[in-house]
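Presented below is the structure to which this report refers.
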Amino acid sequence: MSQSSASESAEPADPAWRFGVYLFPLAPLAMLGSYAGLWLFTRSVDAESLGVGLAAFAVTVLAGWLSVIFAAIVAGSLLMDALALRDHPSWNPNPWIAGGLGLVHLAGAELVIPYLLSVPGIGYYLYRRRQLIGRDGGDDSGGSGGPTESTEGRAA
């Protein structure tokens, strides 16, 4: 048991919070969908089309809330990922900056200008994270061929 704990401390685990951070483009896209629904709603009111107006209103509300939900998930995941990487030997991002970037991204769910700051910032965060920690974070080194070989050995 001491060997497994020593090997776990030698290579720190890559936290799974990064998967929430990968959702960062969805919030601006949902906001654009909300704006498109609002534009269609105003056009349908001018044309007096009730069905299209109700559908456009539903799209506007749903896409607006999805933008807020995705931005909140990204903000929380960004902060938790930075906190989880504090003791990583390859890279330890500043959790205060990551949390502030997450708050700016959350503010972007209501305003367009914060997205112009947060989307490139989060993209750079993920770029540096991938560059310095890697895709798997060192968790799964060489374990991809094991199950396939063992099942082929049983079949033969």
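The values are calculated or read from the model by the stated rules, or taken from the named source; none is laboratory data. Predicted model, so just to flag it, every value in this text is computed and none were measured. Note that we place each Cβ from the backbone using ideal geometry, even for glycine, and neighbour counts take in every protein chain shown. Just so you know, the surface numbers come from the protein's heavy atoms only, side chains and all, with ligands and any DNA or RNA stripped out. Shrake-Rupley method; radii C 1.70, N 1.55, O 1.52, S 1.80 Å.
Rounded, prolate or oblate: which one fits the stretch 14-79, using the alpha carbon gyration tensor with axes a ≥ b ≥ c (rounded when a/c is under 1.5, else prolate when a/b beats b/c, else oblate)? Prolate, since a/c reaches 1.5 and a/b exceeds b/c.
Counting only protein heavy atoms and using a 1.4 Å probe, what share of the accessible area of the stretch 49-139 belongs to carbon plus sulfur, as a whole percent?
72 percent
In terms of packing, defined here as the mean over residues of other Cβ atoms within 10 angstrom, the peptides 37-48, 102-113 line up highest first as 102-113, 37-48. In this structure, residue 128 and residue 69 have a Cβ-Cβ separation that, at R0 = 25 Å, corresponds to a calculated FRET efficiency of about 0.45. Kindly identify the stretch 49-113 as rounded, prolate or oblate by the Cα gyration tensor criterion: order the square roots of the eigenvalues as a ≥ b ≥ c, call it rounded if a/c is under 1.5, otherwise compare a/b with b/c, prolate if a/b is larger, else oblate. Prolate shape, in that a/c is at least 1.5 and a/b is the bigger ratio.
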